[in-house]
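No lab work stands behind these numbers, since they all come straight from the coordinates. Quick caveat: nothing in here was measured; it's all calculated off a predicted structure. Methodologically, a virtual Cβ is constructed for each residue, glycine included, from the backbone with ideal geometry; neighbour enumeration extends over all protein chains shown.
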Amino acid sequence: MPLDGRTVVVGVSGGIACYKACELVRLLVGAGARVRAVMTAAAQRFVTPLTFQTLAGQPVATDTFDLTQESEIGHIRLADEADAVAIAPATANVIAKLAAGIADDLLTTVLLATRAPLVLAPAMNVHMWEHPTVQENVARLVARGARVVGPASGSLACGYEGTGRLASPEDVVEEIRHVLTPQDLAGERVLVSAGATQEPIDPVRYLSNRSSGKMGFAVARVARRRGADVTLVVGTTALTPPAGVHTVQVTTGEEMARAVQAAAASATVVVMAAAVADYRPRHPSEHKVKKSARPAALELEPNPDILRRLATRKGRRVLIGFAAETEHVVREARRKLAEKRLDLIVGNDVTAPGAAFGGDTNVVHLIDAAGEEQALPLLSKEEVADRILDWVVAHRSAATRRPTLRRVR
Ligand code: CTP
C-alpha cells in the first residue's frame, strides 16, 4: 500500500481551512503513514501545534531558528526524510513564495530543500484564487511537477460562493497516494463500469440488484492512481465519484450500453464491474401502476449484453468481466470468459464470508483466456483492484511471455 510506513510532511499554512488539515493528518496516520506536520506562524493562529502533534503522534515543526526544534527535527532532515510533501491548506502567499523560491520560514525552507513529490491543496477566497498572479504561480509549480488537488467549489468561509474551498481530506490523501505510486498504467485509457442498473416498471418503481459499485470504484481509483486515464460509467450507487476520474452517470442497462460503447472506442482496457440487469420491463408504464390494476405478470425483454458486443470489435483492447455467483463460481466464470471472449474474468461467490455485496472486501478467482487461474485470499477491494491491474501490466509486457497466473488443471 503506498502510504504504509511512508513519511508524509504536511505543510499547514494560515487559512481557515487549517481545521480540515487535522482530518487529513488523521486519515494519513490511519492509513499507516508517518506524518510530520510543519506549521507556518499564521497557521498557528487558527489551530494549535498541539492538535497536530496529538493527531500525528510526532513533534510539530514551526520555527527554523528554534534551537531545540532544529537539533531534534532539523529542517534538512525533515526535507530529506519526506517521501511526499503535501501543503494543505496552501494559501496564495505560500504558493507565491514557493513559485519565487523564497524561503523565509520553516515550511518554505523545507519546500526548497526537499526532493520529494509535492501535492498542493489550495484554499482561499474565490477572487484570490482567480487572480492572474495566483494562477500564474500555480501554473509554474505544476510545470515543475507539483500536483494540485482542488480547490473545490461551494460556499466559502469568507461569505462568497465559488472556487476556493480546500479539497476534501479524502481527495488530498488520494493525491498523496497517487504521487507515491509507480505510474505503471501511464498511457492506458481504462474504462470501468460500476454499480447497478435500474429498469423502470413505472415512474416510481424499478427492477434492480444489490450491487454497491464499490468494486468498480476501487478499480477506477486504483487505475487512476497508477497513471491511467480513467472513465467511469456509473449506474446506481451511493458512492462519491473518485477524484481525477471522468464520470458518466447512467440509469438503465440501455443507457449503460450506449455510454460504455461510446467510451470504449478510445479505451485500451475495459473493466465491466457493473451489475447490468439482464432483462427490463417490455412496456414500462407512463403513469404509476395502481393496486386496482392487479397486474398478473411483468413482461420482460432482454437488455443488450454490453461485454459480448464489445468482443465483436475488440482490437488490442483488453476486456475484463466479473462473474458474481452463488454456486459453481469457477465453472460459471470460465463459461462467461469463453462466451464473452474476455481476456480476464474475476469470479466471486457473493455468499462467501467477506465477499458480500456492499462490503469493503472480496474473495475472488482470476481466470484468464490462457486458462491460467489464481485464487486470491480475502483482500480489500482496492487490493483486488491492484491484483487485476497487475494482471493487465503483466499481460501488456508479455508480448512473448504468458502472464504469470498459476495454471490449475
Ligand atoms: N454484463 C454485460 N451486459 C449485460 C450483463 C452482464 O456487459 N447485459 C457483464 C457484467 O458487467 C459482467 C459480466 O458481463 O462483467 C458477467 O455478468 P453476469 O451478470 O455475471 O453474467 P450474465 O451474462 O448475466 O450471465 P448469468 O445471468 O447466466 O449469470
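Points worth noting:
- Across Lys288/Lys340; Lys288/Lys336; Lys288/Lys381; Lys20/Lys97; Lys214/Lys340; Lys214/Lys288, pairs whose alpha-carbon gap is larger than 27 Å: Lys288/Lys340; Lys288/Lys336; Lys288/Lys381; Lys214/Lys288
- Considering only region 7-180, percent of DSSP beta bridges that pair antiparallel, nearest 5: 20 percent
- Counting DSSP beta bridges with both ends in the chain, the antiparallel % (nearest 5): 35 percent
- Integer Hz, Karplus 6.51/-1.76/1.60 couplings in order for region 213-219, x for Gly and Pro: x, 5, 5, x, 4, 4, 5
- For the peptides 212-223, 354-365, the ranking by mean Cβ contacts within 10 Å, running from highest to lowest, is 212-223, 354-365.
- GluC sites (Glu not before Pro), loop per DSSP, at most 14 other Cβ atoms within 10 Å - longest free stretch of the chain: 1-285
- In angstrom, the C-alpha Rg and Dmax of the chain are 24.7, 84.
- Neighbour-count ranking [beta-carbon atoms within 10 angstrom, fewest first] of Cys158, Cys18: Cys158, Cys18
- The helix-based estimate of mean residue ellipticity at 222 nm for the chain, built from -39,500 (n - 2.57) per DSSP H run of four or more residues and divided by its residue count, is -10000 deg cm²/dmol to the nearest 500.
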